[in-house]
Amino acid sequence: MGRTLPRHPAHLLGGLPARRAYREVLIALAVRHGRRLAGSTVAAWVDDEQSRAGGRALWGIPKELGAITLSSDGRGSRGELTAAGMPPVRVAYRDVLRLPFRLPARSHLVQQRPDGTECRVPARISGRPALGRSRVTTGAGAPLSALARHRPLISVALRDFRGVVGR
């Protein structure tokens with residue numbers, strides 16, 4: 001799954017709080033934007049109505065509401081996304097190698113708003129990288145069923161993840 005944010009602060013404008021904590025599952029495709037690599041969100045679910053509204057209105061991110069649960073046993077994590085009109089999506093992840101440093105990164109998403117204009121959404125993230133194995137399971141015909149049909153060679157997790165979007 002694109003990213004799962006257990007406690008994600010987001011910078012929202014237009015009268016919404018400057019920082020919000022919420023959970024998010026986001027699926028993005030890597031795209032070329034000029035000479036740089038960027039992401040473009042194709043699907044996203046959040047557990048907070050204001051984040052949904054802000055992401056759609058400000059940045060054209062196609063966010064939907066969903067319930068997101070996460071659990072961890074120290075070496076691995078499990079998550080589940082449930083949303084109206086689709087079967088539950090479950091992810092299991094297990095660390096193979098934790099790297100001993102914090103990795104900061106800057107990137108951006110490129111989204112097309114409903115009016116056809118392009119929006120560039122800057123993001124800063126950091127976390128302690130870990131390489132591991134993951135598996136996605138869901139029902140046939142679910143929006144994320146393509147992820148369940150393939151097992152990635154390697155998965156990357158960011159432990160102690162921090163992210164700021166929109167600054």
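Readers should treat all values here as calculations from the given coordinates under stated rules, not as data from a laboratory. From a predicted model like this one, the values you see are computed outputs, not experimental measurements. Quick reminder, even Gly has a Cβ in these numbers, built from the backbone with ideal geometry, and neighbours come from all protein chains shown.
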- Query: To one decimal place, what orientation-averaged projected area in nm² is obtained for the convex hull of the Cα set of the stretch 50-124?
  - Reply: 7.2 nm²
- Message: Taking loop as defined by DSSP and a crowding limit of 14 other beta carbons within 10 Å, which chymotrypsin sites (Phe, Trp or Tyr not before Pro) in the stretch 73-167 fit?
- Response: 101
- Taking the Cα atoms of the stretch 73-167, report the difference between the largest and smallest coordinate on each principal axis, in whole Å and largest first. 42, 39, 22
- Read phi for every residue in the stretch 148-162 and hand back ³J(HN,Hα) as whole Hz from Karplus 6.51 cos²θ - 1.76 cosθ + 1.60, θ = phi - 60°, with x for Gly and Pro. 6, 7, 10, 9, x, 4, 8, 10, 10, 10, 10, 6, 6, 5, 9
- Query: Where q = 0.11, 0.20 Å⁻¹, what log10 of I(q)/I(0) comes from the Debye formula for the chain, counting one point per Cα?
  - Reply: -0.46, -1.55
- Query: For the charge dipole of the chain, defined by +1 on Lys and Arg C-beta atoms and -1 on Asp and Glu C-beta atoms about the Cα centroid, which residue among 125, 103, 84 has the Cα displaced farthest towards the positive pole?
  - Reply: 103
- Task: Work from the charge dipole of the chain (Cβ charges, +1 for Lys and Arg, -1 for Asp and Glu, about the Cα centre) and give the residue of 71, 44, 138 farthest towards its positive end.
- Result: 71
- Item | For the stretch 93-102, 3J(HN,Hα) per residue [Karplus equation, 6.51 cos²θ - 1.76 cosθ + 1.60, θ = phi - 60°, Hz, x = Gly/Pro] | 9, 9, 5, 10, 8, 9, 8, x, 8, 8
- Taking amide hydrogens as modeled 1.01 Å from N in the peptide plane, which residues meet the under 5 Å criterion relative to residue 24, leaving out close sequence neighbours? 5
- Note on the structure: About its Cα centre, the chain carries a charge dipole, from +1 on Lys and Arg Cβ atoms and -1 on Asp and Glu Cβ atoms, whose size in debye to the nearest 20 is 720 debye
- Query: Using unit Cβ charges (K, R positive; D, E negative) and no other charged atoms, how large, in debye to the nearest 20, is the dipole of the stretch 81-151 about its Cα centre?
  - Reply: 420 debye
- Item | Computed [θ] at 222 nm, deg cm²/dmol, the chain (DSSP H ≥ 4; -39,500 (n - 2.57); rounded to nearest 500) | -2500 deg cm²/dmol
- Message: How much of the DSSP bridge set in the chain is antiparallel, in percent, rounded to the nearest 5?
- Response: 95 percent
- Item | Within a Gaussian network of the chain (alpha carbon springs, distance under 10 Å), most fluctuating of 100, 114, 87 | 100
